[in-house]
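Asker: I'd like to ask you about the structure that follows.
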Amino acid sequence: GAGVSQSPRYKVAKRGQDVALRCDPISGHVSLFWYQQALGQGPEFLTYFQNEAQLDKSGLPSDRFFAERPEGSVSTLKIQRTQQEDSAVYLCASSSPPEGFFNMNTEAFFGQGTRLTVV
Amino acid sequence: KQEVTQIPAALSVPEGENLVLNCSFTDSAIYNLQWFRQDPGKGLTSLLLIQSSQREQTSGRLNASLDKSSGRSTLYIAASQPGDSATYLCAVGGGNTGNQFYFGTGTSLTVIP
């Protein structure tokens, strides 16, 4: 597609429910990032994929958060047993640096985000 | 850990005015710096990318500078328009920060017609 696509745009979950958020990166983009943005804050890093390999998951806040990108394209962020503090906008970004790895040419292109509200 | 600060947090200017948004970061060992625009309820739109070896980048009425050694970047907007109203975020990427971008909390800009 022309840009990064995320679905759903909005999700309301009851506390304790599991949710799955989808990201379709720009076709051919090697790198994929997930970020969490709380209201009034800048995005906070969650995890980074290069193709299907999850190279960095240091930002995942707990073991209830899990991300995968099994075929190196579409990615899913799963949150188990959601809690109110998980309410935020979840942003996905993709990039395609010519060398394939994170470098000074890495420019991130973001999707519209999924707004998750846990009630 | 990289800390990114943006000043001011909010700015309101009359249409036509030139303005400067500031971004500072604590770890200068970065690969690049990217400026984004975020409209309410929307994702991030990339405005400018400055590589660590560059001093500035220009796109239309926007000019971004980077002084890596002092850990500072500025975004200059010329002849502001009401359509420029949005939140502007800077993000530093790579280097000592690893495979990620660190974001500031943004500057909320309102351009008054």
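The values are calculated or read from the model by the stated rules, or taken from the named source; none is laboratory data. This is a predicted model, so every value here is computed, not measured. Heads up, the Cβs are rebuilt from the backbone with ideal geometry, glycines too, and the neighbour counts pull from every protein chain shown. Surface accessibility is based on the protein's heavy atoms, side chains included, excluding ligands, DNA and RNA. Shrake-Rupley method; radii C 1.70, N 1.55, O 1.52, S 1.80 Å.
Asker: Residues in the range B:1-21 that are hydrophobic (A, V, I, L, M, F, W, C) and under 22 Å from B:G95 (Cβ atoms): how many?
Answerer: Within the range B:1-21, residues that are hydrophobic (A, V, I, L, M, F, W, C) and under 22 Å from B:G95 (Cβ atoms) number 1.
Asker: Moving on. Take the residues in the range B:94-113 that are more than 16 Å from the chain's Cα centre (by Cα) and more than 11 Å from chain A (Cβ to nearest Cβ); name whichever of them is nearest to B:L21 (Cα to Cα).
Answerer: Filtering first and then ranking leaves B:V111.
Asker: Right, another one. So in the range A:81-95, with the set limited to residues that are assigned to a loop (DSSP other than H, G, I, E, B) and in contact with a strand residue (DSSP E or B) (Cβ under 7 Å, 6 or more places away or on another chain), which one is most open to solvent (accessible area, probe 1.4 Å)? Lay out the reasoning, then the answer.
Answerer: Looking only at the range A:81-95, we keep the residues that are assigned to a loop (DSSP other than H, G, I, E, B), and these are A:81-83, A:87.
Still in the running and in contact with a strand residue (DSSP E or B) (Cβ under 7 Å, 6 or more places away or on another chain): A:82-83, A:87.
Numbers: A:T82: 1, A:Q83: 66, A:S87: 44 Å².
Checked the range A:81-95; the qualifying residue most open to solvent (accessible area, probe 1.4 Å) is A:Q83.
Asker: Just checking, which of A:F66, A:F102, A:F49, A:F110 is touching a residue at least 12 places away in the same chain (Cβ under 8 Å) and more than 13 Å from every other protein chain (Cβ to nearest Cβ)? First the steps, then the outcome.
Answerer: On the way: A:F102 fails: more than 13 Å from every other protein chain (Cβ to nearest Cβ); A:F49 fails: more than 13 Å from every other protein chain (Cβ to nearest Cβ); A:F110 fails: more than 13 Å from every other protein chain (Cβ to nearest Cβ).
Exactly one residue qualifies, and that residue is A:F66.
Asker: Please go through the range A:19-69 and pick out each residue that is closer than 16 Å to B:G98 by Cβ, in a strand (DSSP E or B), hydrophobic (A, V, I, L, M, F, W, C) and open to solvent by 20 Å² or more (accessible area, probe 1.4 Å).
Answerer: Scanning the range A:19-69 gives A:A53, A:L55.
Asker: Identify the residue in the range A:27-46 that is in contact with a Gly (Cβ under 8 Å, 6 or more places away or on another chain) and either without any contact (Cβ under 8 Å) to a residue 12 or more places away in the chain or of a type in the set (D, E, K, R) (or both) and, among all such residues, is nearest to the other protein chains (Cβ to nearest Cβ).
Answerer: Selected residue: A:G42.
Asker: Take B:G41 and tell me if it is free of Cβ contacts under 8 Å to residues at least 12 places away in the same chain, away from every other protein chain (no Cβ under 14 Å) and open to solvent by 10 Å² or more (accessible area, probe 1.4 Å). Steps first, please.
Answerer: Numbers: free of Cβ contacts under 8 Å to residues at least 12 places away in the same chain: yes; away from every other protein chain (no Cβ under 14 Å): no; open to solvent by 10 Å² or more (accessible area, probe 1.4 Å): yes.
No; evaluated as a whole, the condition is false for this residue.
Asker: For the range B:4-38, give me the residue count where each residue is touching a helix residue (DSSP H, G or I) at 6+ places or on another chain (Cβ under 6 Å), within 14 Å of another protein chain (Cβ to nearest Cβ) and open to solvent by less than 50 Å² (accessible area, probe 1.4 Å).
Answerer: So the answer is 2.
Asker: Any idea which of (1) among the hydrophobic types (A, V, I, L, M, F, W, C); (2) away from every other protein chain (no Cβ under 11 Å); (3) part of a strand (DSSP E or B) is the one B:A91 doesn't satisfy?
Answerer: Result: B:A91 passes all but (2).
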